[in-house]
Amino acid sequence: MPEMSRSRALNTAIVTVALAACSSVEVTTPNVDFEVIEEVTFAESLQIDLTQMTKLPSGVYIQDRAEGTGEALAAGHRAHLSYSGWLRTGVLFDEGQFDYILGAQQVIPGFELGMIGMKVGGIRLIIVPPELGYGAALGLPIPPGSILVFEVELDQIDTSP
């Protein structure tokens, strides 16, 4: 993906997430069928085996592909991370780096839930069901009702207030 397009996609995603978090009005498509993680086929390129993953009570799936070291990421910590995000079909919709504070509702709920407990240097696969992602929201490069797949590397944790 050209650098300008990647930057534009990341900026669009960040602005969209910020607007969704701050807005009390959600623009949605009525009657959208949400994909169900256990009922879909994932692209072979994503190398997903649900039987090797942990399903959290929320419905988010996680798998540590590399274990990190040090303190675990917890609410109030600032995380600096690198990530790639795909649709279950293997289509890359975003990648890059960013910082956020865990628990401050700066990212979609499923992403936050999937990050809890990561350690610096860790690489985690996170599968987010639509209801904890963008749901039926319009205006994104992500179709309404989509499952999201993220691979995240936690580069740094800042625990200072």
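One table, with the values for the structure above:
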quantity: Residues located in the range 47-92, provided they are exposed (fewer than 14 other Cβ atoms within 10 Å of the Cβ), under 11 Å from residue 122 (Cα atoms) and among the polar types (S, T, N, Q); calculated: 69
quantity: The range 146-156, subset surrounded by 21 or more Cβ atoms within 10 Å (Cβ to Cβ) and of a type outside the set (S, T, N, Q), residue nearest to residue 71 (Cα to Cα); calculated: 154
quantity: Subset of the range 62-108 (residues that are under 12 Å from the mean Cα position of the chain (by Cα) and part of a loop (DSSP other than H, G, I, E, B)); calculated: 106, 107, 108
quantity: Lone qualifier among 154, 113, 125 - being in contact (Cβ under 8 Å) with a residue 12 or more places away in the chain and part of a helix (DSSP H, G or I); calculated: 113
quantity: Boolean, residue 8 is over 15 Å from the mean Cα position of the chain (by Cα) and either modelled with pLDDT of 95 or more or loosely packed, with under 11 Cβ neighbours inside 10 Å (or both); calculated: no
quantity: Cβ-Cβ under 6 Å pairs, at least 6 apart or on other chains, the range 55-80 side in contact (Cβ under 8 Å) with a residue 12 or more places away in the chain and of a type in the set (Val, Ile, Thr), far side assigned to a strand (DSSP E or B) and surrounded by 16 or more Cβ atoms within 10 Å (Cβ to Cβ); calculated: 60/128; 62/124; 62/126; 69/119
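The values are calculated or read from the model by the stated rules, or taken from the named source; none is laboratory data. Model, not experiment: these values are computed from the prediction. Neighbour counts are summed over all protein chains in view; Cβ atoms, including those assigned to glycine, are modelled from backbone coordinates with ideal geometry.
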